[in-house]
1. Residue under question is residue 61, and the condition is that it be in the same structural domain as residue 174 (by TED's automatic domain parsing), more than 14 Å from the chain's Cα centre (by Cα) and more than 16 Å from ligand 2 (Cβ to nearest atom); does it hold?
2. Would you confirm whether any residue within the range 58-70 is within 25 Å of residue 132 (Cβ to Cβ), touching a Ser or Thr at 6+ places or on another chain (Cβ under 9 Å) and not in a loop (DSSP other than H, G, I, E, B)?
3. Just name the residue that is modelled with the highest pLDDT out of those in the range 133-151 that are buried (at least 18 other Cβ atoms within 10 Å of the Cβ) and farther than 30 Å from residue 1 by Cα.
4. Quick one: how many residues across the range 155-199 are loosely packed, with under 15 Cβ neighbours inside 10 Å and more than 23 Å from residue 135 (Cα to Cα)?
5. Across the range 8-42, what is the number of residues that are more than 9 Å from ligand 1 (Cβ to nearest atom) and outside any helix (DSSP H, G or I)?
6. For the range 24-45: of the residues being surrounded by 19 or more Cβ atoms within 10 Å (Cβ to Cβ), more than 9 Å from ligand 2 (Cβ to nearest atom) and farther than 30 Å from residue 237 by Cα, which is modelled with the lowest pLDDT?
7. Any residue at all in the range 93-107 that's modelled with pLDDT under 95, within 24 Å of residue 49 (Cβ to Cβ), part of a loop (DSSP other than H, G, I, E, B) and within 16 Å of ligand 2 (Cβ to nearest atom)?
8. More than 10 Å from ligand 1 (Cβ to nearest atom) and assigned to a strand (DSSP E or B) - does that describe any residue in the range 198-221?
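The values are calculated or read from the model by the stated rules, or taken from the named source; none is laboratory data. Owing to the predicted nature of the structure, the values given are computational and were not obtained by experimental measurement. Don't worry about glycine lacking a Cβ; one is built from the backbone with ideal geometry, like all the others, and counts go over all protein chains shown.
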Amino acid sequence: MRKVLISSAKGGVGKTTTTVFLAKALRDAGYKVGILDADISAPNVPFALGFKPGERKPMEVDNYLLKPHDKDGIKVVSYWFDTKNGIPFLLWAYDRTMNILRAFCERVDWGDVDVLLIDCPPTSSDELIGLLQFLGHIDGAILIIQGNTVASVEDAKIAKYTFDHHNVAVLGFIQNMMSDFFNSPDVDVEEEIKVPKIAEIPLSKDLDSKYKEYYKPVIDFMVAKKLLPKVEKSKKVEKAESDLEKAREIVKEVRAKKAEGKKTKTKKVKRKSKRKK
Ligand SMILES: Nc1ncnc2c1ncn2[C@@H]1O[C@H](COP(=O)(O)OP(=O)(O)OP(=O)(O)O)[C@@H](O)[C@H]1O
Ligand SMILES: [Mg+2]
């Protein structure tokens with residue numbers, strides 16, 4: 001299972017939005033996806049995935065391993081499921097927060113998930129550093145930047161520094177909420193952070209209907225980086241499906257012709273029997 005961090009060191013730039021829509025795009029492309037909501041203090045991935053308050057129930061534990069919940073084929077682990085009305089009990093309890101984070105990193109049965117997206121807490125200090133230690137091997141981090149604003153780029157630099165320090169590869173960045181609002185024209189983000197740009201996502205009301213198109217460059221990037229091991233299989237599945245569709249068409253045609261043949265035969269028989277009379 002590949003582990004990819006979605007991070008920014010900054011709040012409100014679209015980490016959770018990116019995580020959730022990228023997960024949906026990956027699922028639609030045939031990958032098995034899990035999301036680890038590593039924001040223990042303010043967990044909201046399930047909410048963004050469409051869970052309703054009535055669906056908030058603790059994750060089951062089997063053989064000392066947590067069982068993720070599932071939303072439309074996306075597996076998710078989040079402290080949201082254990083909160084009351086969305087408010088975590090532990091805002092003040094550092095040790096327990098870290099213990100929960102640790103359990104989420106070490107004691108989850110993710111099954112056959114291909115890629116685990118980790119929605120990072122909006123910080124570059126304790127919780128993020130704990131996360132990096134507890135996760136063990138990490139395949140890379142994707143930075144989220146709000147447009148090309150100076151403040152967001154400066155925070156991304158801090159995130160990059162943190163990851164470099166902990167030997168986590170920063171794969172690239174996504175410019176989220178691209179618009180006239182979040183635009184400092186003189187900022188060259190690639191030059192500033194020195195990692196490649198993966199995609200630009202507009203500030204948009206249509207993420208729900210357009211996520212496949214918007215996040216395709218991110219999937220292509222992950223494929224190129226060999227972060228998606230089963231891409232060949234998913235192409236095979238696509239081909240098998242199209243072959244199956246063609247086979248169904250042929251069967252339909254053959255049946256239609258047979259039915260046509262029977263009709264003409266019965267007509268002929270009827271004509272013959274009329275002649276005999
Ligand atoms: N591309 C976008 N277009 C329009 N709205 C967006 C976009 N990306 C994010 N948003 C909105 O911006 C707000 C903040 O996004 P989000 O919660 O994903 O940020 P975050 O980085 O996870 O925040 P936090 O640090 O608090 O966890 C949300 O209301 C979200 O719907
Ligand atoms: Mg968030």
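1. Numbers: in the same structural domain as residue 174 (by TED's automatic domain parsing): yes; more than 14 Å from the chain's Cα centre (by Cα): yes; more than 16 Å from ligand 2 (Cβ to nearest atom): yes.
Considered against the rule, which asks whether it is in the same structural domain as residue 174 (by TED's automatic domain parsing), more than 14 Å from the chain's Cα centre (by Cα) and more than 16 Å from ligand 2 (Cβ to nearest atom), residue 61 comes out as yes.
2. Yes: the range 58-70 contains one or more residues that are within 25 Å of residue 132 (Cβ to Cβ), touching a Ser or Thr at 6+ places or on another chain (Cβ under 9 Å) and not in a loop (DSSP other than H, G, I, E, B).
3. 147
4. 12
5. Of all residues in the range 8-42, those more than 9 Å from ligand 1 (Cβ to nearest atom) come to 9, 22-38, 40-41.
With the extra rule that they be outside any helix (DSSP H, G or I), the set shrinks to 9, 29-38, 40-41.
Selection size over the range 8-42: 13.
6. 40
7. No, because not a single residue in the range 93-107 is modelled with pLDDT under 95, within 24 Å of residue 49 (Cβ to Cβ), part of a loop (DSSP other than H, G, I, E, B) and within 16 Å of ligand 2 (Cβ to nearest atom).
8. Yes, the range 198-221 contains at least one residue that is more than 10 Å from ligand 1 (Cβ to nearest atom) and assigned to a strand (DSSP E or B).
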